[in-house]
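Heads up: the structure comes next, in structure tokens.
Please treat every number below as a calculation from the coordinates, not as lab data. Keep in mind the model is a prediction, meaning the values are calculated, not measured. Every residue, glycine as well, gets a Cβ built from its backbone with ideal geometry; the counts of neighbours run over all protein chains shown.
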Amino acid sequence: MQYCLDVHTHTIASGHAYSSLQEMVAMAKQKGLELVGISDHAPGMPGSTYIYYFQNLRVVPKEIDGVKVLKGVEANIIDYQGRIDMSVNELKQLDYVIASMHPPCIKASTKRNNTRALIKTMENQYVNIIGHPDDSRYPMDYEEIVVAAKENNVLLEINNASLNPIGFRGNAVVATRQILALCMRFNHPVILGSDAHISYDVGNFEYCLPVLAEIEFPKELIVNRSTEALLKFLAYKKTL
Ligand SMILES: [Zn+2]
Ligand SMILES: [Zn+2]
């Protein structure tokens, strides 16, 4: 496999996903990944798990069958001040935090408000990745977003599920192209995320690849190329 890690994955704990943590890790191993991150939906997503699930993640080994396992969350952005539905006590315990906008948790607003919500979220010391910033239901000023991502050491995700033709985030390819072009211009890396909700999709970036190729996006700016590159990136915020 061209890329060695995937940190946007969901287990049955998310309520609308279909594989266990063990199945996700086994598939990561089978596909030759070095590292997999488990990022179940935070409790604000209807049907997801209770906060105890995240508090207890310490029982999951850091490495399983030779695959490094990072424990994370996909937190929900819940207002236009960029607040998320997890408290500092829990966030501190996790290896990384993805924050995303989801329709059940925040209503789309104006371009200005959506952009501000994301920028405020990136200022949160514990947020490492913005999940699917490509969602056409939440129009954004992507230049402001990329500049803020760079300033705050946050990675913007190129989300495979959004780019899937059966995806439900509208025409994500337009926004994805804009994000990639701006990341090239500002020399800021991105992260590919499968957003797998079943084990078979772990490490699946099939819909990202043609968009990256079309724009000739440099491989050095994709953190999935090396575990070290990702861990180094996550360490910036940990050491604040
Ligand atoms: Zn989900
Ligand atoms: Zn999401």
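Listed cross-link partners 68/92; 62/237; 29/120 are compared with a 25 Å cut-off, the Cα-Cα value being larger for 29/120. Counting only residues at least eight positions apart within a chain, or on another chain, the aspartates and glutamates with an alpha carbon under 16 Å from that of residue 150 are 123, 141, 220.
Projected over every direction and averaged, the convex hull enclosing the alpha-carbon atoms of the stretch 1-115 yields 7.8 nm².
Count the net charge of all other residues whose Cβ sits under 9 Å from the Cβ of residue 132, scoring Lys and Arg as +1 and Asp and Glu as -1.
On the way: positive: 169; negative: 134, 135, 157, 195.
Local charge sum for residue 132: -3.
Taking the centroid of alpha carbons for each part, the stretch 28-56 and the stretch 85-110 are 13 Å apart.
To the nearest µm²/s, what D does Stokes-Einstein give for the stretch 129-240 at 4 °C and 1.567 mPa s, using the Kirkwood radius over alpha carbon pairs as Rh? Estimated via Stokes-Einstein, D reaches 91 µm²/s. By the rule of a C-alpha distance below 18 Å, with chain neighbours fewer than 8 residues away ignored, the aspartates and glutamates paired with residue 219 are 6, 34, 157, 206, 228. In the chain, the DSSP-assigned H stretches of four residues or longer account for a calculated mean residue ellipticity at 222 nm of -9500 deg cm²/dmol, using -39500 (n - 2.57) per stretch and the full residue count as denominator. Each Cα pair under 8 Å and six or more residues apart adds its sequence gap; the mean of these over the residue count of the stretch 5-238 is a relative contact order of 20 percent.
Once the convex hull of all Cα atoms in the chain is built, its volume per residue stands at 107 Å³.
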